[in-house]
1. Within segment 110-128, does at least one residue satisfy the condition of being in contact with a Pro (Cβ under 9 Å, 6 or more places away or on another chain) and either β-branched (Val, Ile, Thr) or free of Cβ contacts under 8 Å to residues at least 12 places away in the same chain (or both)?
2. Which condition number does GLY84 fail, the rest of (1) under 14 Å from the mean Cα position of the chain (by Cα); (2) under 27 Å from PRO27 (Cα atoms) being met?
3. Out of everything in segment 40-54 that is charged (D, E, K, R) and either assigned to a loop (DSSP other than H, G, I, E, B) or at pLDDT below 95 (or both), what residue ends up being nearest to GLN164 (Cα to Cα)?
4. Tell me the residue from LEU69, LEU139 that is aliphatic (A, V, I, L, M), crowded, with 16+ Cβ neighbours inside 10 Å and under 21 Å from PRO31 (Cβ atoms), please.
5. Please state which one of GLY114, GLY65 is assigned to a loop (DSSP other than H, G, I, E, B) and within 17 Å of LYS34 (Cβ to Cβ).
6. Quick one: which residue in PHE73, PHE77 is of a type in the set (Phe, Trp, Tyr), at pLDDT below 95 and under 21 Å from THR157 (Cβ atoms)?
Amino acid sequence: MRTTLLTLVCGGLALSGAPAAAQQAPPKPGPEHKMLQRFEGDWDATVAMAGAESKATAKYKMGLGGFWLSQDFKGEFGGQKFHGKGTTGYDPLRKKYVSTWTDSMSPTLIVMEGKFDKDGKTYTETGEGPGMDGKLTKLKSVLRFKDKDTLLFTMYTVQNGEEQEMMKITYRRKK
């Protein structure tokens with residue numbers, strides 16, 4: 001009995017120290033996450049789509065431990081109020097940027113994967129979401145940093161390897 005009790009106590013002490021030794025330091029944002037910080041801020045946006053132009057605003061903010069960039073986009077399309085939210089982060093397991101988009105005009109979640117070009121001025125991503133016909137289609141978006149206060153965003157549908165422009169957004173950082 002005494003041997004059993006001593007074995008249990010010693011085993012418990014050994015196991016209680018094991019998690020502390022096996023614990024790893026929590027992950028920290030890397031240089032890929034730092035690339036996303038350039039988006040942070042308040043932006044005025046001009047949206048060109050289907051031959052019409054409208055105004056909008058966007059707010060980008062890093063959060064959730066510095067891993068995720070969130071976007072809050074508000075505007076009006078065709079006389080209807082529009083509200084969209086996005087998240088973008090770098091996934092070290094996939095070695096890619098990943099993003100999601102939801103908005104007030106679609107019940108479909110858009111999921112994309114992307115990367116920056118060598119000079120870090122252009123971010124391109126691909127994925128799937130609703131096309132102009134309302135059906136699931138391949139999408140591509142390209143965001144170019146014209147300068148630190150101007151972003152040019154273009155969204156395309158991709159069918160049979162052909163890109164068709166859906167919309168363009170010009171973002172200007174609010175001063």
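1. yes
2. (2)
3. GLU53
4. LEU69
5. GLY65
6. PHE77
The values are calculated or read from the model by the stated rules, or taken from the named source; none is laboratory data. Here the structure is a predicted model, which is why all the values come from computation and not from measurement. Heads up, the Cβs are rebuilt from the backbone with ideal geometry, glycines too, and the neighbour counts pull from every protein chain shown.
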